[in-house]
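Step one of this worksheet: look at the structure below.
The numbers here are math on the coordinates, done by the rules we state, and not lab data. Here the structure is a predicted model, which means the values were calculated and not measured. As a convention, Cβ positions derive from the backbone with ideal geometry for all residues, glycine included, and neighbour counts pool all protein chains shown.
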Amino acid sequence: MVRLGFMSFAHMHAYSYAEAARVIAGVELVAVFDADLERGQAAADTFDMVFYADVDAFFEQDFEAVVICSENNQHAWMTVAAAEYGKHVLCEKPIATSVEDARRMIQACDDAGVILQTAFPVRFTDSIVALKKVVETGQLGDIVAMRSTNRGQNPGGWFVDVEQSGGGAVFDHTVHMVDIMRWLMGAEVVSVRSQVDNFYYGDGVEDAIDDAGVMTLVFDNGVIASHDASWSRYEEYPVWGDVQIEVIGTEGTAKVSNTLDNVIEFAPVSDGCPRTLHFNGFGNNTDLALMRDFVECVREGRQPSITGYDGLKAMEVGLAAYRSAEEGRRVEL
């Protein structure tokens, strides 16, 4: 049996993670801690857990791991506290709001010998996994360029308070796709050039948080990539996700989209005829796949497929994008 505690239901993903966890065999949801008493008690009632307003009382309960879905600027102290109590950690992305905090989290978990996994469910999308296999088997030849999008809606609330979130759409929707690019190539971003602005929510308001950004990334293997992140998806959009990525190689091009269908198209240079792989409906339940991976890591005592370091490297790019836009120059990493 793997017993789980939840630290905060501030992030909407907490509800889908808890829903996923309770259908996994051999998992028990035990306790909730939340600084918002009403929100915490409501979540505890929904998922049949016990609510604790005192963090020490929460950690003294009998569970092995915590899922942290608080405001972004709360991730660091929660993770460090969990490590000190010997609890494994699944932390919502972005892992922190500063490089220093992310490094402190990683070090605390390393010192305590506990798992720190970053919540990047996009890695578990069927079409993204298929794309990974296409790249690994060399069907595209040498990768020369990539482009990606990740657009969504403004969640409001603490997401638009930069002190709590660390940034707007660029921070929220860049880390996912940077993680996918790093994972596909095993390469790191070495420079970022970006433009960041707000067009949809608070246009013309001086202190409005960013809701759109475009960036050019250069990797240490020479690959150049572009990324479009925004909160531009209109309310009536028929699906929740809007992740797209195109990988261009010397022997072919592969394109993944889960915008209206979960597909991958692969067009080899030799014949130029796209081969399209379709997956059922709008794709698999990536939150469930993420939770299964975390639970299996806890159960087996192994490192997760997505580490705290992965979270740090993706977060660094988001922060660099803000610096680049503010200073009007390319930022080296």
In debye, nearest 20, what is the charge dipole magnitude of the range 31-180 about its Cα centre with +1 on Lys and Arg Cβ and -1 on Asp and Glu Cβ, if you could check? 940
Calculate how steeply helix 169-185 sits against the longest principal axis of the alpha-carbon atoms of the chain, using the helix alpha-carbon long axis, and give the answer as 0 to 90 degrees to the nearest 10. 70
For the chain, whose charge dipole is built from +1 on Lys and Arg Cβ atoms and -1 on Asp and Glu Cβ atoms, the candidate among MET315, SER127, PHE47 with its Cα farthest towards the positive end is SER127
Might you report the magnitude of the Cβ-based charge dipole of the chain about its Cα centre, with Lys and Arg at +1 and Asp and Glu at -1, to the nearest 20 debye? 1120
Quick check on packing: order 291-299, 97-105 by the mean number of other C-beta atoms within 10 Å, highest mean leading. 291-299, 97-105
Answer label for volume of the Cα convex hull per residue in Å³ (calculated), chosen among (1) 149; (2) 137; (3) 158: (2)
Would you calculate a helix-derived [θ] at 222 nm for the chain, using -39,500 (n - 2.57) for each DSSP H run of n ≥ 4 and dividing by the full residue count, to the nearest 500? -10500 deg cm²/dmol
Highest mean first, how do 28-41, 118-131 rank when packing is the count of other Cβ atoms within 10 Å averaged over residues? 118-131, 28-41
Other residues with Cβ under 13 Å from the Cβ of LYS132 give, with Lys and Arg +1 and Asp and Glu -1, a net charge of 0
In nm, spacing of pseudo-spin labels at GLN61 and GLU163 (7 Å Cα→C-beta vector): 3.0
Once label points are set 7 Å from the Cα along Cα→Cβ at both GLN303 and ALA42, what is their separation, rounded to one decimal in nm? 4.0
What number, in percent, do you get for the relative contact order of the range 211-253 if the mean sequence gap of Cα pairs under 8 Å and at least 6 apart is divided by its residue count? 30
With θ taken as phi - 60° and the coefficients 6.51, -1.76 and 1.60, list the Karplus ³J(HN,Hα) couplings across the range 208-222 in order, rounded to whole Hz; mark glycine and proline as x. 5, 6, 5, 10, 7, x, 10, 9, 10, 10, 10, 9, 6, 9, x
Rounded to the nearest 10 degrees, what's the angle between the helix 126-136 long axis and the longest principal axis of the chain, both from Cα atoms, 0 to 90? 60
Per-residue HN-Hα couplings for the range 32-37 [Karplus 6.51, -1.76, 1.60; θ = phi - 60°; Hz; x = Gly/Pro]: 10, 10, 7, 5, 8, 4
Listed by chain and number, the aspartates and glutamates with an alpha carbon less than 15 angstrom from that of LYS93, same-chain partners under 8 positions apart left out, are GLU71, ASP101, ASP172, ASP179, ASP287, ASP310, GLU316
Please figure out what share of the DSSP beta bridges in the chain is antiparallel and state it in percent, rounded to the nearest 5. 60
Going by alpha carbons, how many degrees (0 to 90, nearest 10) lie between the helix axis of 308-327 and the longest principal axis of the chain? 60
